[in-house]
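Q: Just passing along the structure, written as structure tokens.
The values are calculated or read from the model by the stated rules, or taken from the named source; none is laboratory data. Note that the structure is predicted; figures quoted are calculated from it, not measured. Note that each Cβ is placed from the backbone with ideal geometry, even for glycine, and that neighbours are counted across all protein chains shown. With ligands, DNA and RNA removed, areas are computed over all heavy atoms of the protein, side chains included. Shrake-Rupley method; radii C 1.70, N 1.55, O 1.52, S 1.80 Å.
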Amino acid sequence: MELDSIECVSSSDGLDEEEIPHDNLHHHHHQFSSAKPHNAAANNNGRGAGIIATSVHELLECPVCTNSMYPPIHQCSNGHTLCSTCKTRVHNRCPTCRQELGDIRCLALEKVAESLELPCKFYNLGCPEIFPYYSKLKHETVCNFRPYNCPYAGSECSVVGDIPALVAHLRDDHKVDMHTGCTFNHRYVKANPREVENATWMLTHNASLLQVFHCFGQYFCLHFEAFQLGMAPVYMAFLRFMGDESEARNYSYSLEVGANGRKLIWEGTPRSVRDSHKKVRDSHDGLIIQRNMALFFSGGDRKELKLRVTGRIWKEQQNPEAGVCIPNLCS
């Protein structure tokens with residue numbers, strides 16, 4: 001769907017550039033190879049033990065994918081090892097000596113792995129935890145220090161990083177509008193709203209349907225798009241929090257759209273960007289506006305979309321005496 005004719009007008013002020021981190025973006029795009037526990041192992045077992053643990057861990061790296069190997073670990077008749085996933089990739093031929101692999105397990109290496117304790121592979125991002133070898137992988141899938149995926153929904157963007165890096169990436173690479181403050185007032189204009197297809201509206205530099213807000217020291221992504229809900233074309237607006245779900249629960253937001261004496265109001269908790277854009281959209285967790293209602297709100301001859309969406313973000317604070325949450329409104 002072409003969006004060149006969409007206009008998004010905001011009453012919020014633009015985010016000052018000095019408030020957006022200007023660290024070199026490449027410093028935040030980590031390539032996570034297997035962790036080398038020199039410091040962690042040395043501090044716990046002495047320098048010699050650290051060297052031994054590192055050497056053994058290197059033996060546990062698959063020579064094909066370089067990831068840590070987990071049972072079953074396969075080997076050829078010459079003793080070269082590789083992981084079970086890569087065994088099928090190399091068509092049952094050893095990538096080192098080209099001998100046929102067969103079904104030989106390297107039980108000795110699997111047993112050695114049981115005795116290892118290694119740091120989380122995100123230790124360079126701040127995770128202090130050390131785990132038994134076979135527990136480490138499970139932790140890393142939910143580690144709070146793991147990087148975030150780019151929240152931009154208009155393309156299959158593969159960039160990952162921490163929040164400051166992603167904010168800079170959204171601003172510089174996707175040209176997303178940046179705003180300060182906890183309230184927003186936007187007008188979405190489309191000359192031919194009947195062009196809604198069964199797909200997400202693609203974001204463009206000229207008509208960004210993703211905006212980033214900075215308030216309470218945090219960043220929030222406001223999404224607006226059109227898609228088919230069953231047979232009905234709809235518009236949807238929702239907010240995502242640039243952080244983990246546990247932090248997102250500390251905030252609430254409202255969205256409102258209306259005209260001609262009618263209005264629709266949505267209140268909820270922003271979803272974490274850990275949840276994909278598609279997951280949030282498909283869960284209908286946001287303000288959904290049927291096209292007929294959107295055209296009614298637009299007024300005129302009902303042939304042009306002119307939706308004004310307003311809203312605000314607030315922080316929920318715990319009242320220690322009453323034991324209930326009270327809103328902390330942004331000034």
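Q: Would you work out if the stretch 60-128 is rounded, prolate or oblate? Take a ≥ b ≥ c from the square roots of the eigenvalues of the alpha-carbon gyration tensor; rounded if a/c is under 1.5, else prolate when a/b is larger than b/c, oblate otherwise. Don't jump to the answer; show the numbers that get you there.
A: On the way: a/c = 3.13, a/b = 1.85, b/c = 1.69.
Here the stretch 60-128 falls in the prolate category.
Q: Given the peptides 69-77, 159-167, arrange them by the average over their residues of other C-beta atoms within 10 Å, most packed first. Walk me through the intermediate numbers first.
A: Values: 69-77: 18.6, 159-167: 20.2.
In descending order of packing, they fall as 159-167, 69-77.
Q: Rounded to the nearest 0.05, what FRET efficiency is calculated for ALA108 and GLU129 with R0 set to 22 Å and r the Cβ-Cβ distance? Display every interim value, and only then the final one.
A: Details: r = 27 Å, r/R0 = 1.25.
So the FRET efficiency works out to roughly 0.20.
Q: Going 7 Å from the Cα of HIS284 toward and past its Cβ, which residues in the stretch 224-253 have a backbone nitrogen under 19 Å from where you end up?
A: 224-239
Q: Report, to the nearest whole %, how much of the accessible area of the stretch 69-171 belongs to carbon and sulfur atoms, 1.4 Å probe, protein only.
A: Details: 2700 of 5360 Å².
About 50 percent, which is the carbon plus sulfur part of the accessible surface.
Q: Can I ask one more? Hey, which lysines would be in cross-link range of LYS175, C-alpha to C-alpha under 26 Å, not counting anything within fewer than 8 residues on its own chain?
A: LYS190, LYS278, LYS279, LYS306
Q: Whenever you get a sec, line up LEU222, LEU264, LEU137 from highest to lowest accessible area (probe 1.4 Å, protein heavy atoms).
A: Reading off the accessible areas and sorting them downward yields LEU137, LEU264, LEU222.
Q: Also, I was wondering about something else. Compute the FRET efficiency between GLN228 and LEU59 as 1/(1 + (r/R0)^6), taking r as their Cβ-Cβ distance and R0 = 56 Å, and round to the nearest 0.05.
A: 0.60
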